[in-house]
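Nothing in this text is a laboratory measurement; each read-out follows from the coordinates by a stated rule. This one's a predicted model, so the numbers in the text were calculated from it and none came from an experiment. So basically every Cβ, Gly included, is an ideal-geometry build from the backbone, and we count neighbours across all protein chains shown.
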Amino acid sequence: MRKCDSCNAPTERAHSYILTTEIVVLSEAYWRDQFRFATDIVRQVGGAERALTVFSGLIGQVAGSATPWFICEDCSELFAFDRAAARQHALRGTVPEHSGPVDPGECVQFAAAAWEHVFGRWPANVQQPAVGDTCDLCAKKLYRGEIAAQIEVMAIERYLASGVLDSPPLCPPRESLGGWVSCKICMIRMVTRAERAGEGR
Ligand SMILES: [Zn+2]
Ligand SMILES: [Zn+2]
């Protein structure tokens, strides 16, 4: 059995997906997990400057990955991708289009936001945008220019009823929107869970 390239859990092809490096590096949720795994290393190296070396090193390593990513069912909630196509690549052992390394500059903002979430400070070697808003579901800061989604009251009620969403939004619906603002991490998780529930039927 192969191991998931994100969490290292053993996983079968029939329950896995093949993703491109680009899809992986654009996921803030993926970076959060990787930085949590690296917490011990960051502590051991000590000092903010050396921690930044770890930060940049990890980004370079991940973004530089020439081969596609083998991802388990659980980790699939971290990414936005075409599930049917990615499953076919896993079953056939084929390589998706646009695989290969990406420019670290493409993903550094997502990684920096994840670093801030895990270690409590924005990495000093990355320019920090202004905060524009907050996710109504997880309280994550939404930086200017960051993609967010609007979710209607009905959709949230449906997600709560089906178990796609574990807990209600942190605040009442915004009157101006007739619903809530969700960050990309929460949105991808909800959409993926809803799709997974549909696949299981
Ligand atoms: Zn995994
Ligand atoms: Zn959120």
message: Taking every alpha carbon pair in the range 1-96, what does the distance histogram look like in 5 angstrom bins from 0, in percent?
response: 2, 14, 23, 23, 16, 11, 7, 4, 2, 0
- request: Post the alpha-carbon centroid distance, the range 1-50 to the range 153-173, in whole angstrom.
  value: 28 Å
- prompt: If the label point is 7 Å along Cα→Cβ of Arg196, which residues in the range 1-31 have backbone nitrogen under 13 Å from it?
  reply: 15-17
Karplus-derived HN-Hα couplings along the range 123-138 (A = 6.51, B = -1.76, C = 1.60, θ = phi - 60°), whole Hz, x at Gly and Pro: x, 5, 8, 10, 5, 9, x, 6, 7, x, 6, 9, 6, 6, 9, 10
- line: For Ser56 and Gln44, extending 7 Å from Cα along the Cα-Cβ vector and measuring point to point gives, in nm, a value of 2.2 nm
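Given R₀ = 30 Å, FRET efficiency for Thr94-Phe37 by Cβ-Cβ distance, to 0.05?
Once the sixth-power term is evaluated, E becomes 0.60.
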- prompt: Among the lysines, which have Cα under 20 Å from the Cα of Lys184 when same-chain residues fewer than 8 positions away are ignored?
  reply: Lys140, Lys141
